[in-house]
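Comments concern the structure below.
The values are calculated or read from the model by the stated rules, or taken from the named source; none is laboratory data. All values reported here derive from a predicted model rather than from experimental measurement. Ideal geometry is used to build each Cβ from the backbone, glycine not excepted, and the neighbour counts take in all protein chains shown.
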There are 2 protein chains.
Amino acid sequence: MNGAESLVRALVADGVDVCFTNPGTSEMHFVSALDRVPGMRCVLGLFEGVVTGAADGYWRIADRPASTLLHLGPGLANGLANLHNAKKAHSGIVNIVGEHGSAHVALDAPLTSDIEGIARPMSNWVRTSRSASDVARDGRHAVAQARRAPGHIATLILPADTAWGEVDPAAQVGAPPEVAPASAASPDAVVRAARALASAREVPTLLLVGGNALREGALANAGRIAAATGCRLMSEFAAGRVQRGAGRVVAPRVPYVVEAALEALAPFRRIVLAGARVPVAFFAYPGKPGRLVAPDCEIVTLADFDQDPAGALDALVRELGAQAHAPAGVAERVPRDRRGALPTGAVTPEGVGHVLGALLPENAIVVDEAVTSSRGFGPPTATAGPHDWLTSTGGSIGFGLPTATGAAIAAPERKVLALEGDGSAMYTLQSLWTIARESLDVCAVIFANRAYRILHGEFVAVGGGQPGPRATDMLSLDRPALDWVALARGMGVEASQATDLESFATQLARAMSRRGPALIELVL
Amino acid sequence: MNGAESLVRALVADGVDVCFTNPGTSEMHFVSALDRVPGMRCVLGLFEGVVTGAADGYWRIADRPASTLLHLGPGLANGLANLHNAKKAHSGIVNIVGEHGSAHVALDAPLTSDIEGIARPMSNWVRTSRSASDVARDGRHAVAQARRAPGHIATLILPADTAWGEVDPAAQVGAPPEVAPASAASPDAVVRAARALASAREVPTLLLVGGNALREGALANAGRIAAATGCRLMSEFAAGRVQRGAGRVVAPRVPYVVEAALEALAPFRRIVLAGARVPVAFFAYPGKPGRLVAPDCEIVTLADFDQDPAGALDALVRELGAQAHAPAGVAERVPRDRRGALPTGAVTPEGVGHVLGALLPENAIVVDEAVTSSRGFGPPTATAGPHDWLTSTGGSIGFGLPTATGAAIAAPERKVLALEGDGSAMYTLQSLWTIARESLDVCAVIFANRAYRILHGEFVAVGGGQPGPRATDMLSLDRPALDWVALARGMGVEASQATDLESFATQLARAMSRRGPALIELVL
């Protein structure tokens, strides 16, 4: 048995049985081992941003890490942007990155680069295996690191000679390394938060939730606390996974636009944080604050994102004696026959939101990278059946289609709906090929406004004035217009174009009623 | 005037008048300045790998740097793989990377990352501007660094507040910083190389050229030296730009495959290096040497790549008194009517090479990322009209279409032919949109073997045995087959499919006879 095979065996033994891959020469021994070791599902992506984004989506839905297989420094580099999102989402991922054989690195061959240096900014843990006999142990450490609450990016670099070198079977490690248990909110923090919330009817108080407090049970507890104390409830703007829809407690997102966020947060004199950070602006703008809460707003931290905020809310409910309260803010189900006729005519954000709310299937997974188009979809979809909503957590563009790919691998029985801006979708459009190849139940809706629309607003917001013709040109995707139907078909995904709300509703209803890959280009 | 505008003015003043861009919020002030500062041509790419690869192609043809405009850490990360190739090609590039305002970085907003850390592995020079008044000076330093021989990657990070902050016009710097002159080969090295070559008829000697010694004039000097001394001539496998074709001296590439390289280099007891390094294998393979020359082969360094090897060859010709020699190894022109009929029937590498040799236009630029398909194209194209041949220097996949894009911007009057593997082309296929948008005279030929064909060979070469069904699956792109005609049309590029040599020749002849974007999918 060589080192690569020992690694595949270790990964599978420790429950990592999916590998998103884009291998090269240095990774061939890992690939070779796949025919000798049962139990690892390998999913090929034609660009590494697909690979790492898929691993992020997999974690968000499966709550356990997938591995990636990346080719040397440049392959890892291509995957960094989506690792950035995954790191900010606290997703656990085990990256396996090939490296030249140790003696070869010294020769400065063309592909030689500082792989540890490339890995470090987007990894929580980096290690380079030193010998074939270390590889299995290193792999198990990587898995343990990836699983460590709330989830971490572990990058293991595998020199080719450690992959092909023979392993002494007797030297194989036994039990997996212990995963450090999640730290928990301190009892003091729970008591302090309870005290703060107890006066919420006198002092306007916000309970701001993030991380694993965005799951159904934790949100129900947050709703109980709101019912018991009169506090308000909101969620972070950037959230890895929110469980929402009918029967679940609604925690409206802190708005993206600074003025809107300031207005939404202004009423509160006190904010209790459960897995969330003090809200800050996505970007810096001249003359506008970066921190979005009033300077005199009191901040009470119940639990940071790595302190099991869901568990902390559970403790807080007990501390407040709120167990028997019915949660406040539960979304009512509005079935399709009570939503009125589907809207018709020109495409409007409200109309699209209405169609989505009416047609979203039970238990769907929505991956939202529609940027400017999807900002109003919260209310109409909150009353659809229960579903998960995944957003970008790191602001790195091109997260949507890969994340949808990984989510679909994690939950083959669920419909995945990827809402994508045309600009965003272009960064990692290669995902469509993997979706077709694996026959994933993913429907992508491309909001084709043929511009980096968000940047028109940002241009003004940063004080750039009104964009002149040359600036406008840098924000426009209409020359030539992208033909998403052709692009999708080029990668084997059935596609159609919708230009009004009727055709959109018809095409979306069809895609939702059947399994398998589909793409709808919605021309705005 | 704000910092961003002062930067655009400084870049233009110092001769950097092309900017390949994929901007975001933090770069809006730079974009805004484009409407106030004349002289900067901005070219939008829909993915950052297009942007950095285009800057590499621009340098290789223009011999002066373009700038790039990239959005924060993730935008830079997406561009790293092609910066890796550019760095290994010794291309000069000025990267401008936006960063949050200094105060905002401390807030750990979603897009916050260690931008300097991300930049460092693929940059030769990294600086973060500290204030608006520093930006122009920093920009000029970046240009000077990029131009420093033989060409360097300079990355300037621009915090948003330094971009929007007002600049004291009085504080503007005057003259540009001095560019350190290229170091030159020492007279001793020239004498030593001359002595080594003088006995080439007794001691089999190779003159191995790389870097700027691959330009026409330097190759002619190398040919004179070969004529005068009887040495043999070869060029490095990975070369940024080779001037070749009829009337130019042929310097065959060191082969990629280790066994072939060992065989090609085995006869030589002495190697004189002019801008080249001692040949090493692209990858490490078990039981095979990494260094491809015999252990007892004497290495004589005339000039390293950063010591103006072309100038060193000039000095060497004089030292040898070889000025009057007619260069050896000049490629004869074989006009089309002496090439015989174009081949017909099934697509073979030989047949494709023959068609290319016959149809390659005078003064074309060939960008070669066809990997396994193009290995035999050297001989049949050496006798076509003079042209430039650009190959990947860092082995990072996805270099071809972006490099072709930048080369076409640098030389609008020349035909650019991009030879692409289907697997390679997928990494940065977004280039096609920029090619369409800018109406560039680029014809892409996609060699559609529907596999990572090179990896089939590498799998065996590293000792993986014969790939089993699961391994084969990871190396195959045939499920589903990519439809390159649809993909190209989806981005506005006219495309056609060729399935035999007749249709390929007809389609290529048509593309070569007219200007503008075209793509041919050649099914293998």
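Figures for the structure shown
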| quantity | calculated |
| --- | --- |
| Qualifying residue in the stretch B:496-510 (condition: touching an Asp or Glu at 6+ places or on another chain (Cβ under 9 Å) and over 21 Å from B:Val371 (Cβ atoms)) | yes |
| Close pairs from the stretch B:56-78: first outside the structural domain of B:Val143 (by TED's automatic domain parsing) and farther than 16 Å from B:Lys88 by Cα, partner charged (D, E, K, R) and assigned to a helix (DSSP H, G or I), Cβ under 9 Å, at least 6 apart | none |
| Residues that are without any contact (Cβ under 8 Å) to a residue 40 or more places away in the chain and assigned to a loop (DSSP other than H, G, I, E, B), drawn from the stretch A:366-411 | A:Gly376 |
| Flag if B:Glu178 is of a type in the set (Asp, Glu), over 29 Å from A:Asp108 (Cα atoms) and surrounded by fewer than 21 Cβ atoms within 10 Å (Cβ to Cβ) | yes |
| Scope the stretch A:292-317; condition surrounded by 13 or more Cβ atoms within 10 Å (Cβ to Cβ) and either out of contact with any helix residue (DSSP H, G or I) (no Cβ under 8 Å at 6 or more places or on another chain) or assigned to a loop (DSSP other than H, G, I, E, B) (or both); matching residues | A:Leu292, A:Val293, A:Ala294, A:Cys297, A:Ile299, A:Asp304, A:Phe305, A:Asp306, A:Gln307, A:Asp308, A:Gly311 |
| Unique residue being charged (D, E, K, R) and either facing another protein chain (nearest Cβ under 10 Å) or assigned to a strand (DSSP E or B) (or both) when the list is B:Arg510, B:Arg414, B:Arg515, B:Arg489 | B:Arg489 |
| Number of the condition not met by A:Leu432 [criteria: (1) of a type outside the set (S, T, N, Q); (2) at pLDDT 95 or above; (3) assigned to a loop (DSSP other than H, G, I, E, B)] | (3) |
| Odd one out for B:Val12 among (1) in contact with a Pro (Cβ under 7 Å, 6 or more places away or on another chain); (2) more than 10 Å from chain A (Cβ to nearest Cβ) | (1) |
| Scope the stretch B:452-467; condition in contact (Cβ under 8 Å) with a residue 24 or more places away in the chain and more than 7 Å from chain A (Cβ to nearest Cβ); matching residues | B:Tyr452, B:Arg453, B:Ile454, B:Gly457, B:Ala461 |
| Within the stretch A:258-283, tally of residues that are touching a residue at least 40 places away in the same chain (Cβ under 8 Å) and of a type in the set (A, V, I, L, M) | 7 |
| Any hit, the stretch A:481-491, residues being at positive phi and in contact with a helix residue (DSSP H, G or I) (Cβ under 8 Å, 6 or more places away or on another chain) | no |
| One residue from A:Ser396, A:Ser374 being at pLDDT below 95, under 25 Å from A:Ser431 (Cα atoms) and crowded, with 23+ Cβ neighbours inside 10 Å | A:Ser374 |
| Matching residues, the stretch B:327-357, being assigned to a loop (DSSP other than H, G, I, E, B), surrounded by fewer than 16 Cβ atoms within 10 Å (Cβ to Cβ) and within 27 Å of the chain's Cα centre (by Cα) | B:Glu332, B:Arg333, B:Thr348 |
| Odd one out for B:Phe459, checked against (1) in a helix (DSSP H, G or I); (2) over 20 Å from A:Val43 (Cα atoms) | (2) |
| Residue check for B:Arg470: within 13 Å of chain A (Cβ to nearest Cβ) and either within 16 Å of B:Glu521 (Cβ to Cβ) or modelled with pLDDT under 95 (or both) | yes |
| Within the stretch B:360-397, tally of residues that are polar (S, T, N, Q), more than 14 Å from every other protein chain (Cβ to nearest Cβ) and more than 24 Å from B:Gly275 (Cβ to Cβ) | 2 |
| Matching entry among B:Ala488, B:Ala444, B:Ala481 (being free of Cβ contacts under 8 Å to residues at least 60 places away in the same chain, buried (at least 22 other Cβ atoms within 10 Å of the Cβ) and among the hydrophobic types (A, V, I, L, M, F, W, C)) | B:Ala488 |
| Output for the stretch B:380-405, where each listed residue is closer than 12 Å to B:Gly49 by Cβ and not β-branched (Val, Ile, Thr) | B:Ser396, B:Gly398, B:Phe399, B:Gly400, B:Leu401, B:Pro402 |
| Selection count where residues are crowded, with 24+ Cβ neighbours inside 10 Å and facing chain A (nearest Cβ under 7 Å), scope the stretch B:111-137 | 3 |
| Pairs with Cβ under 7 Å, 6+ apart, first in the stretch B:33-46 and facing chain A (nearest Cβ under 9 Å) and buried (at least 23 other Cβ atoms within 10 Å of the Cβ), second part of a strand (DSSP E or B) and of a type in the set (Ser, Thr, Tyr) | B:Leu44/B:Thr21 |
| Residue in the stretch B:158-168 that is over 30 Å from B:Gly101 (Cα atoms) and outside the structural domain of B:Asp306 (by TED's automatic domain parsing) present | no |
| Hits in the stretch A:79-90 (condition: facing chain B (nearest Cβ under 9 Å) and either small (Gly, Ala, Ser) or without any contact (Cβ under 8 Å) to a residue 40 or more places away in the chain (or both)) | A:Gly79, A:Ala81 |
| Enumeration of residues in the stretch A:447-467 that are in contact with a strand residue (DSSP E or B) (Cβ under 7 Å, 6 or more places away or on another chain) and crowded, with 24+ Cβ neighbours inside 10 Å | A:Phe447, A:Ala448 |
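Rundown of residues vs (1) closer than 27 Å to B:Tyr285 by Cβ; (2) among the basic types (Lys, Arg); (3) at pLDDT below 95, yes/no style:
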residue	(1), (2), (3)
B:Arg195	no, yes, no
B:Arg201	no, yes, no
B:Thr205	no, no, no
B:Gly210	yes, no, no
B:Leu219	no, no, no
B:Ala228	no, no, no
B:Gln243	no, no, no
